[in-house]
1. Please quote Rg/Rh for segment 270-320 to two decimal places, taking the Kirkwood radius as Rh and restricting both calculations to Cα atoms.
2. When the distances between all Cα atoms of segment 293-344 are binned every 5 Å from zero, what whole-number percent does each bin get?
3. Could I get the Rg over Rh figure for segment 227-322? Both from C-alpha atoms, Rh via Kirkwood, rounded to two places.
4. Plugging the Kirkwood radius over Cα pairs into Stokes-Einstein for segment 148-248, at a temperature of 37 °C and a viscosity of 0.692 mPa s, what D comes out in µm²/s?
5. Please compute the volume of the convex hull spanned by the alpha-carbon atoms of segment 48-196 and report it per residue in Å³.
6. What's the center-to-center distance, using Cα atoms, between segment 147-208 and segment 87-107 in Å?
7. Keeping every protein chain present and rolling a 1.4 Å probe, give me the accessible area per residue for segment 157-293 in Å².
8. Could you quote the convex hull projected area for segment 35-106, Cα atoms only and averaged over all directions, in nm²?
Amino acid sequence: MNERCQRIQKKTLTIVLSVLYVLAFGTTSVFAFQQEEKTENFKQYRGEVVDGSSKKALVFATLSVEGTNISTITNTEGSFLLKIPESITDGTVVVSFLGYKSKNIPLSQLKSNKNKISLIISVTELSEVNINAPKDAAALVRETLARKGDNYFDDPTLMTAFYRETIKKRRKNVSLSEAVVNIYKTPYSSLRKDAVELYKARKSTDYSRLDTVALKLQGGPFNTLYVDIIKYPEYIFAEGAITDYKFTFSRSTRINDKLIYVIKFDQLETISDPLYKGELFIDVENRTLTSAIYTLNITDREKAARLFVRKKPAKVDVWPTEVAYRVDYREKGGKWYYGYSNVLLEFKVDWEDKLFNSVYSMTAEMAVTDWEKNITGELPKNRERLKKSIILSDEAIGFSDPDFWGQYNIIEPEKSIESAIKKIQRQLRRSKAKGGASAP
């Protein structure tokens, strides 16, 4: 394996594939991490964000409370759940989405349920584009990465984030893990890595749908945290690797009334190792990356498989069929910060002695829902930090507590996920009625 491929392998997200016994629901015990809740009461608002013309759901739209650090994001069905302290009575909710005009909605106009918010596409006239704009797309990307110390948070920051990872076999959910984590974000100009502390976690797993194979995502919240390109450019544009890409101007759009360049990038045709291609959304005026959407080149399935599969049975062939990433940044007080990211990994699992293969997809997403300056810059002790090798589904157990998340903002569960949780809860109740559950 050449040096570049080794470098990519070290920096790419990893998956553990291992054989487990089939577990029945009756052998699963139910626990929840119990910690003291904040005492302040809150109001919650539910609804959906849609395209004003087509009425199509807008996925990953952001809702934030103006003048605060509180925010949430819509799920893959466009639905949202926003929790706001009762002490905030005259606030305004700002709803924004990539390429659409933002909408400001007074809290007094929101209902507790069934809020339907429509956004209109933002059309950018060619005359709006600065004629003095840079002509070299690669130079613009380099400048944007170099200005992270000017445009992004320059103070240590303590963030509260909601993390979810889902594993599906074809279209059916087989595993769901969720967590509230504390992210000790170091300044963007610092080379120190961020620390993550687990506050709460829970999971549900239906191993009966996994045959005898269980996919486990190694790294937990770090998989999404390291998609923060500005903080961790080495995970996509490793040192010297930016010259392995071709950058071109694609189009312009508006986000939150800011003119945005869309820069397309793809690996050079002379590069055979799997790299990335996608789009970077860069603020024209400030040279700030506001979003990025990209995929990994998996044309060579053997090379792609080596990047991800850490462990597998001898008679199983495993390879990725899709690897996609997204990161969104938010702005407050003229400074930008990491707000949301997701990772989609799709794999085929082919048993030597089976006629048909199985298709599994793994989705990991994390949204920052609140933050405050970490004035002291204090970091959690090593024993309290999550390890980068964590497998969250092995750490978290139980979906029994309906008030588990208290006032924390989370990403609203999809209907399919809600159905899976309810089914598991019913089976757990039945097992308890027959004499209680015991640990496997």
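The values are calculated or read from the model by the stated rules, or taken from the named source; none is laboratory data. A quick note: this is a predicted structure, and the numbers were derived from the prediction, not measured. Each accessible area value is taken on the protein alone, full model and side chains, heavy atoms only, with ligands, DNA and RNA left out. Shrake-Rupley method; radii C 1.70, N 1.55, O 1.52, S 1.80 Å.
1. On the way: Rg = 16.3 Å, Rh = 13.5 Å.
Result for segment 270-320 is an Rg/Rh of 1.21.
2. Calculated over all Cα pairs of segment 293-344, the distribution is 5, 16, 19, 15, 13, 10, 9, 6, 5, 2, 1, 0 percent.
3. Numbers: Rg = 16.2 Å, Rh = 15.2 Å.
Using Cα coordinates only, the ratio equals 1.07.
4. Values: Rh = 16.1 Å.
Rounded, D is 203 µm²/s.
5. On the way: hull volume 31.4 nm³, N = 149.
Spelled out: Cα convex hull of segment 48-196, divided by residues, is 211 Å³.
6. Centre-to-centre distance over Cα atoms comes out at 24 Å.
7. Result: 34 Å² of accessible area for each residue.
8. Details: hull surface 22.9 nm².
Answer in nm², one decimal: 5.7.
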